[in-house]
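Notes follow the structure.
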Amino acid sequence: MQRPLSYIWIIALILLIYPHTALAQKKIRRMTLEEGTFLAKERSIQALIAKQEFKVSYLTYKTFRRGYLPQLNASGTLPNFTRSIQPSTNYGVTSYFLQQTVNYIGGINLTQQIGFTGGSISLNSGLQRIDNFSAFLDTSNYLAAPVSIDYVQPIFQFNSYKWDRRLQPLKYDQAKRKYLEAIEDINIMTTNYFFAVLEAQVENKIAETNFQNYDTLYKITQGRYQLGKIPQNQLLLYELSLLKAKLAIENARLSLEDALFVYKSFLRLPESDSIILLPPVDINFFTVNPMKAIDEALANTSPAEDFTRQLLEADMGVNYAKMNGRFDANLRASFGYNQTAGNLGNAYKSPMDAESVSLTLNIPIVDWGVARGKINIAESQRDIVKNQVEQGIIDFRQGIYRNIMKFNMQQNQLQIAAKADTVAKKSYQITQDRYMIGKISDFQELYTAQTEADNSENAFFSALQSYWQQYYSIRKSTLFDFQSKSNLQFNISDINP
């Protein structure tokens, strides 16, 4: 485990950071970045939205799968009353009479879609009763169909079931990947809010330290001025610096309160909670192979799978154009039993077999090239998608490569920033000590050393933030943990869809 040289000093610094007097009596909760990301994934509104969005995708896929299960349906017409004048022809003579009928129809069917062929098969049972109340006839008849098997098969037609069986699992898998990427986005957001508070804490501590130092220096300078060792303008410069330092404390405290408010709101913590953030300086540095990262990104992430989905949808569009509106046919076949009788019991006795087969055709004769034109349009659109996907993959690979190279530089940059912070603080301490003993009297030299020390500390925390941002960005862009050398995964039961 490697650590920048100023880690020990940083940890000691943070342990000395306390809220102002109004919060000092409250119980203070110290929080790490790891704890912050855990809370964000459990409580933030972004995490709740990500879970709900995945839940929608999960239920959509679940509904799609259930659509391929046998569907049991019941139907009925209770009743269908008709009263009208109807013609009747007997022995070549047509006459009209008033006819009144009441028709009752009921049935039940079990239907199964056949995704591979696009057809459907159903098992049916039905019963019909008709009551005739005409002027010359008053009868009731039953028509029973105890069982029948029907099969419908479209031929040379677009099979939406076939394409859905390929697209819907792809979309569901993409939704899982998007959820994992959303979690890494939350980690990045948490990192940004975390370091906003952390840097505000450091600024607050710097402001308080500078005020104490300038107060001490001002008192020393007053003594030297009274002894006539320094001119009045130098005393006034220290007095002005002391006033600025006092103002900086107020601004730093306000900035800290603002940053804490935003961070606690993000984590949905009570405003009354008093927290101090500990810098994530305990780092296990590692180097990522760019080619390995690109391979993992292409295999794991939703953008990579989106390329596959776009190509598949483009192929589906071409297939639809080729199959729709051209030569097609429908095959229908039915086999079963039925019987008719004047009462219900006899309608189910000695049923007769009933069969039917039909083949309907639709053959366009002249369409003036409409069908061919639609095919050409779909094929051109598919070519556009292919070109866009090819360029998208190139840009995607290049983006991953650049991110990996930036991440691999973070260790060196962080260690340089830590070393610079140590050197700047040591330089300031030496300059301050020399001023205390009267070796130097130049205010500008002391002010410059103090400014460099403050800037170097801020630069270190900026480098530390950049490291963790890049760390979570690499996880998001590859959905692979290069520390544990495993894919990022989640348990669907944790989302409770």
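The values are calculated or read from the model by the stated rules, or taken from the named source; none is laboratory data. Being a predicted model, the structure only gives us computed values, none of them experimental. Here the Cβ positions follow ideal geometry from the backbone for every residue, glycine too, while neighbour counts run over all protein chains shown.
Phe116 falls short on exactly one of the conditions (1) part of a strand (DSSP E or B); (2) in contact with a helix residue (DSSP H, G or I) (Cβ under 7 Å, 6 or more places away or on another chain); (3) at pLDDT below 85, and that condition is (1). Evaluation of Gln174 against the conditions (1) surrounded by fewer than 17 Cβ atoms within 10 Å (Cβ to Cβ); (2) touching a Ser or Thr at 6+ places or on another chain (Cβ under 6 Å) shows that the sole unmet condition is (1).
Quick one: in the stretch 10-38, of everything that is among the β-branched types (Val, Ile, Thr) and in a helix (DSSP H, G or I), which residue is modelled with the highest pLDDT? If you could, list the steps in order and put the result at the bottom.
Filtering the stretch 10-38 down to residues among the β-branched types (Val, Ile, Thr) leaves 10-11, 14, 17, 21, 28, 32, 37.
Adding the requirement that they be in a helix (DSSP H, G or I) leaves 10-11, 14, 21, 37.
Values: Ile10: 47, Ile11: 41, Ile14: 46, Thr21: 41, Thr37: 95.
The qualifying residue modelled with the highest pLDDT is Thr37.
Would it be correct to say that Ile108 is more than 32 Å from the chain's Cα centre (by Cα), β-branched (Val, Ile, Thr) and either under 19 Å from Gly76 (Cα atoms) or modelled with pLDDT of 90 or more (or both)? Against the criterion (more than 32 Å from the chain's Cα centre (by Cα), β-branched (Val, Ile, Thr) and either under 19 Å from Gly76 (Cα atoms) or modelled with pLDDT of 90 or more (or both)), Ile108 qualifies. Restricted to the stretch 355-369, and to residues there that are surrounded by 11 or more Cβ atoms within 10 Å (Cβ to Cβ) and modelled with pLDDT of 90 or more, the residue that is farthest from Leu143 (Cα to Cα) is Leu359.
Filter the stretch 464-497 down to the residues that are on the phi > 0 side of the Ramachandran plot and either in contact with a Pro (Cβ under 8 Å, 6 or more places away or on another chain) or not polar (S, T, N, Q) (or both) and list them by number. Even if it seems obvious, please write down each step before you answer.
So the first thing to find is which residues in the stretch 464-497 are on the phi > 0 side of the Ramachandran plot, and the list is 479, 485, 496.
Residues satisfying the conditions are Leu479, Lys485.
Selection of the stretch 39-96 for residues being within 45 Å of the chain's Cα centre (by Cα), surrounded by 14 or more Cβ atoms within 10 Å (Cβ to Cβ) and part of a strand (DSSP E or B) yields only Gln71. Looking across the stretch 247-301, the residues that are surrounded by 15 or more Cβ atoms within 10 Å (Cβ to Cβ), touching a helix residue (DSSP H, G or I) at 6+ places or on another chain (Cβ under 8 Å) and not hydrophobic (A, V, I, L, M, F, W, C) come down to Arg253, Ser255, Tyr263, Ser274, Pro279, Pro280, Pro290, Glu296, Asn300, Thr301. Taken as a whole, the stretch 387-405 holds at least one residue that is farther than 22 Å from Pro290 by Cα and either small (Gly, Ala, Ser) or in a helix (DSSP H, G or I) (or both).
Condition first: more than 30 Å from Asp494 (Cβ to Cβ) and surrounded by fewer than 21 Cβ atoms within 10 Å (Cβ to Cβ). Now tell me which residues in the stretch 183-205 satisfy that. Steps first, answer last, please.
Narrowing the stretch 183-205 to residues more than 30 Å from Asp494 (Cβ to Cβ): 199-205.
Passing the criteria: only Lys205.
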